[in-house]
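Chemist: Take a look at the following structure, please.
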Amino acid sequence: MRYAAITGWGMHVPERVLTNNDLEEMVATSDDWIVSRTGIRERRLAAPHETATSMAVAAAKQACDRAGIAPQAIELIVVGTFTADQQMPSIACEVHRELGAARAAAFDVNAACTSFMYALIAATQFVRTGMYSTVLVVGVDINSRFIDYTDRGTCVLFGDGAGAVVLQASEEPAGLLSSVLGADGSAGHVLTLGDPEQLAHLNGVSEMPRPYMKMNGSEVFRFAVRIMGDAAAEAIEQAGLTYQDIDALVPHQANMRIIDAAARRIALPREKVWVNVERYGNTSSASVPICLVEAEREGFIRDGMNVVVVAFGGGLTWASGVLRWGPGSVVRERIA
Ligand code: COA
């Protein structure tokens, strides 16, 4: 059997911090409200000179260094995002250029906040089938460019960031042991960015601002509470494991109450759940890989552990898997 071990990881968050107190000055909200409903205390916002690409490249370079590979060793770059700097070229192609990853194929995946998980699962298939042995997967979103900072329903929730992992072929169980993907297009209207109505309105004005995110918070909340737990449970079952075999949960960081519900569903105590939502808010596609980087740094996830990863997002979409952390026995292939 061939597996896709995670052998390198990296992250980038902008320096600028936007606190709940800062938001109190901008919209009718309060630190109390935000903390009690979401668990978020602050989030990071990109500086004017930063782009989704620059954040993705910073995370990708760290991941390659950590894996000990030169960019020329990468055969495929998959970037999960829904806030690309432009429609074309893709962020994956921009990362390709910036890294000088001359041998690599490159494409973006858009599954909203689930984009990194979709990208990770897609990339894993390329490695497991034998088509590629070394793949770079990035999750990045520059949400602040698409948020209406007069809308208290969305502006308190989101932040910017990027995370990346390197996958390499392994002969021992490592990387994703199971993969669950799902979507419900019929409910897509509850979370949108640039829907036709909004774009028609924007097209009617001369100074066209960027489209921004619109959300029915309580509908999304109900969906998320159900799907995060169900998807986590399905990933464990598909891996042939039981709840007792799970060492850690690394969930998408949207809202503390959603994270708690997911943990309860798979009977995991709070101390086995990685949480950083209080510091970054919802960084969308960057959320899970940033968590993996910090969890590894803190010794919270270690070689051989079974780690459940799970995310949800617009679309609506969801994805989950059980990750066996550590390099396994990586197949070192000769680079031409
Ligand atoms: N500050 C103060 N009040 C706010 C607010 C804010 N930042 N945002 C919304 N409200 C108000 C609403 O206007 C509404 O007021 P109304 O009842 O007078 O109309 C009220 O709070 C809603 O309260 P409640 O129903 O108790 O909120 P909630 O418990 O559903 O929490 C969210 C709201 C947005 C935090 C929650 O629904 C949520 O997290 N949803 C999921 C969002 C998400 O994760 N999206 C990203 C997906 S990847």
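Chemist: In Å, what Rg and Dmax follow from the Cα atoms of region 3-172?
Modeler: So, for region 3-172, Rg and Dmax equal 17.4, 55 Å respectively.
Chemist: By per-residue mean of other Cβ atoms within 10 Å, what is the highest-first order of 110-120, 216-226, 86-96?
Modeler: Ranked from most to least packed, the peptides come out as 110-120, 86-96, 216-226.
Chemist: Would you order VAL331, VAL109 from fewest to most other beta-carbon atoms within 10 Å of each residue's own beta-carbon?
Modeler: Going from sparsest to densest Cβ surroundings: VAL331, VAL109.
Chemist: Sorted by packing (mean other beta-carbon atoms within 10 Å per residue), highest first, where do 236-244, 313-321, 12-20, 165-173 land?
Modeler: 313-321, 165-173, 12-20, 236-244
Chemist: Along the charge dipole of the chain, pointing to its positive end and built from +1/-1 on Cβ of Lys, Arg, Asp and Glu, which listed residue (ALA261, HIS201, THR150) has its Cα farthest out?
Modeler: Among ALA261, HIS201, THR150, the one farthest towards the positive end of the dipole of the chain is ALA261.
Chemist: Further question on the same structure: Among ALA46, ILE69, VAL17, which residue has its Cα furthest toward the positive end of the charge dipole of region 16-74, with +1 on Lys/Arg Cβ and -1 on Asp/Glu Cβ?
Modeler: Farthest towards the positive pole: ILE69.
Chemist: Based on the alpha carbon coordinates of region 109-161, what radius of gyration and maximum Cα-Cα distance (Dmax) apply, in Å?
Modeler: 15.4, 49
Chemist: Going toward the positive end of the dipole of the chain, with +1 on Lys and Arg Cβ and -1 on Asp and Glu Cβ, which of SER133, VAL331, VAL95 do you reach last?
Modeler: Farthest towards the positive pole: VAL331.
Chemist: Right, something else. Would you mind estimating how fast region 177-324 diffuses translationally, via Stokes-Einstein at 4 °C and 1.567 mPa s with the Kirkwood radius over Cα pairs, in µm²/s?
Modeler: Working: Rh = 16.3 Å.
Estimated diffusion coefficient is 79 µm²/s.
Chemist: For a quick check: with amide H placed at 1.01 Å from N, whose amide H comes under 5 Å from GLY39's, ignoring anything fewer than 5 positions away on the same chain?
Modeler: MET256
Chemist: Plugging the Kirkwood radius over Cα pairs into Stokes-Einstein for region 32-106, at a temperature of 20 °C and a viscosity of 1.002 mPa s, what D comes out in µm²/s? Walk me through the intermediate numbers first.
Modeler: Details: Rh = 14.1 Å.
In µm²/s, the coefficient is 152.
Chemist: If you place +1 on the Cβ of every Lys and Arg and -1 on the Cβ of every Asp and Glu, how big does the dipole about the Cα centre of region 177-324 come out, in debye to the nearest 20?
Modeler: Taking the Cα centre of region 177-324 as origin, the dipole is about 200 debye.
Chemist: Treating each Cα of the chain as an identical point scatterer and ignoring solvent, apply the Debye formula and state log10 I(q)/I(0) at q = 0.06, 0.07, 0.13 Å⁻¹.
Modeler: -0.19, -0.26, -0.92
FYI, it's all coordinate maths here, none of it is from the lab. Just so it is clear, the structure is predicted and the values come from calculations on it, not from any experiment. All Cβ positions, glycine included, derive from the backbone under ideal geometry; neighbour counts span all protein chains shown.
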